[in-house]
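Inspection log for the structure reproduced underneath, given as structure tokens.
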Amino acid sequence: MSSLRSITLATLTKDVRLEWRSKDAINSMLFFSLLVVVIFSFSFDPNAEESRQIAGGLIWVAFLFAAVVALNQTWARELRNQVLDAYRVSPAPANALFMAKVLGNFILVSLLEGLMAPLFMIFYNLRALGPAWQLIPVALLGTWALVVNGTFFAAMSLRTRSREIMLPLLLFPISIPAVQSMVEATRIILTGDGAARFWIVLLLTYDVVFTTACLALFETILQAE
Amino acid sequence: MKRAFPILAAVTALLLAYAFYEAIWVAPMERTMGDVQRIFYYHVPSAWTAFLLFFVNLIASVIYLVRRNAKADAVALVTGEVGVVFCTVVLVTGPIWARPVWGIWWTWDIRLTTTLVLWLIYVSYLVLRRFSESSQTPKLAAVLAIFGALDVPLVYFSIWFFRTQHPQPVIGGGGSIDPRMLHVLLLNWLAFSCFALLVSWARYRLEMFKREVEEAEALESLLVAGSGAQISKTQIPLSREPQ
């Protein structure tokens, strides 16, 4: 157990440091979601009431697309210099590597959301009519749902032709219930129209089910070569 | 086994013809919907057959992951492909029926949406099988099939929260159906299941032949490379020497 934690921590630190020094992924994600905000704003031109209705969808679609940018480069870095092959032959537990990658992506996407959410509020003149604190569990659970499956499918699409396009093709169909829960929960909180509890519980279930499945099957995927 | 194939083909053809006759001429006309309702004899059996095929796909995928049995992988591939075809039939016949009866082509109702998401998952399954080139494709595909199976109940619950417009299931759903209609429905389901089995079988044999040919070709190229290496040793080295 201690080796699992220390390897996870070491890999995570390495990834965070690499990202901190290059800032490649976070910059491209930020600019990408900024573009999405602006383009959506032009194409819908909503008033305050409409904004509350559609903002949940816009925010999460923007984050979903931006997250794919981060997820795609998760494993690509390890392919250079055969790092992944070295990992395969080492006795280190596969799930340590997986958890490190998931946590790294989680930090990255959460940071993006933290920076972009105020911008959304400004551009769409949003003000939550429901309990605003509930947006925090929705964001955390939703981000985890996207990132855990995204990291897994990114590892899966490593061995395919045109893997950059493969990831969304695999990830989006499986993510449909998660995305729907996030969007509905956000819409309910923003409009103050009913309770978001059902959707938060559904998101939590989704997270538990797929985190378990990923941890159980990642070893198989890592060894597939 | 090989001789059973033409027999199954003949039985399927007869069953399909008889079930068609029953569905179009014999089954009683529905009181409010009229003849449009007869599409039900194709829509529902296709749906059941598609779900059955996807279920077999899941079982075969699990068997493959546990046993690494190549035949299980071929079964998974075949049922995935044929299942997508039947699921497409469901998704096409549904709106054709819904337009005159409900007045709309499509609604985001629980059964429609779950079927659509199931279809999307299995299309992505087939895309993965097509785009993945390594010998590990079966493993990746089997894992994706399991993820898809885990996803379906969640999709179901997420839409369960909305109002449901689809007619209640005719079996075990509390709805009442004329026994003559039920008879025709079950007959059609039998015919469709035989048809699905026939197509899957043919596709399975094709897949096995394809794999045999690929193996033979790989072996042949290895043998050629082995014998060619000795020739090239005497001929090519000059060009490799440093200038």
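Restrict the check to region A:178-199 and report whether at least one residue is assigned to a helix (DSSP H, G or I) and under 28 Å from B:LEU65 (Cα atoms). Yes; the residues of region A:178-199 include at least one that is assigned to a helix (DSSP H, G or I) and under 28 Å from B:LEU65 (Cα atoms). Going by what's in this entry, would A:VAL147 be described as more than 10 Å from chain B (Cβ to nearest Cβ), under 21 Å from B:VAL117 (Cα atoms) and among the hydrophobic types (A, V, I, L, M, F, W, C)? Considered against the rule, which asks whether it is more than 10 Å from chain B (Cβ to nearest Cβ), under 21 Å from B:VAL117 (Cα atoms) and among the hydrophobic types (A, V, I, L, M, F, W, C), A:VAL147 comes out as yes.
Among the residues of region A:88-104, some residue qualifies, meaning at least one is among the β-branched types (Val, Ile, Thr), at pLDDT 90 or above, out of contact with any Phe, Trp or Tyr (no Cβ under 6 Å at 6 or more places or on another chain) and closer than 30 Å to A:ALA132 by Cα. Counting only residues that are touching a Phe, Trp or Tyr at 6+ places or on another chain (Cβ under 7 Å) and either of a type in the set (A, V, I, L, M) or exposed (fewer than 14 other Cβ atoms within 10 Å of the Cβ) (or both), region B:28-74 holds 6 of them. Taking the listed residues A:ALA70, A:ALA10, A:ALA62, A:ALA66, the one that is modelled with pLDDT of 85 or more, crowded, with 16+ Cβ neighbours inside 10 Å and more than 30 Å from A:GLY192 (Cβ to Cβ) is A:ALA70, with no other qualifying.
For every residue, the table says whether it meets (1) in contact (Cβ under 8 Å) with a residue 12 or more places away in the chain; (2) small (Gly, Ala, Ser); (3) in contact with a Pro (Cβ under 8 Å, 6 or more places away or on another chain); (4) part of a helix (DSSP H, G or I).
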position: A:ILE59; (1), (2), (3), (4): yes, no, no, yes
position: A:ALA66; (1), (2), (3), (4): yes, yes, no, yes
position: A:THR74; (1), (2), (3), (4): yes, no, no, yes
position: A:GLU78; (1), (2), (3), (4): no, no, no, yes
position: A:ASN95; (1), (2), (3), (4): yes, no, no, yes
position: A:ALA100; (1), (2), (3), (4): yes, yes, no, yes
position: A:ILE107; (1), (2), (3), (4): yes, no, no, yes
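Starting from residues that are facing chain B (nearest Cβ under 10 Å) and touching a residue at least 60 places away in the same chain (Cβ under 8 Å), keep the ones in region A:173-194 and report whichever is nearest to B:PHE147 (Cα to Cα).
That would be A:SER175.
Kindly indicate whether any position in region A:137-145 is part of a helix (DSSP H, G or I), at pLDDT below 90 and surrounded by fewer than 22 Cβ atoms within 10 Å (Cβ to Cβ). Checking region A:137-145: not a single residue is part of a helix (DSSP H, G or I), at pLDDT below 90 and surrounded by fewer than 22 Cβ atoms within 10 Å (Cβ to Cβ).
Can you find, within region A:150-172, the residue that is surrounded by the fewest Cβ atoms within 10 Å (Cβ to Cβ) among those that are part of a helix (DSSP H, G or I) and within 7 Å of another protein chain (Cβ to nearest Cβ)? Restricting to residues being part of a helix (DSSP H, G or I) and within 7 Å of another protein chain (Cβ to nearest Cβ), the top hit is A:LEU169. Inspect region B:113-125 for any residue being assigned to a helix (DSSP H, G or I), touching a Leu at 6+ places or on another chain (Cβ under 9 Å), within 9 Å of chain A (Cβ to nearest Cβ) and modelled with pLDDT under 90 and give the result as yes or no. No - not one qualifying residue is present in region B:113-125. In region A:203-213, the residue that is surrounded by the fewest Cβ atoms within 10 Å (Cβ to Cβ) out of those that are in contact with a helix residue (DSSP H, G or I) (Cβ under 8 Å, 6 or more places away or on another chain) and more than 9 Å from chain B (Cβ to nearest Cβ) is A:LEU204.
The values are calculated or read from the model by the stated rules, or taken from the named source; none is laboratory data. Predicted model, so just to flag it, every value in this text is computed and none were measured. As a convention, Cβ positions derive from the backbone with ideal geometry for all residues, glycine included, and neighbour counts pool all protein chains shown.
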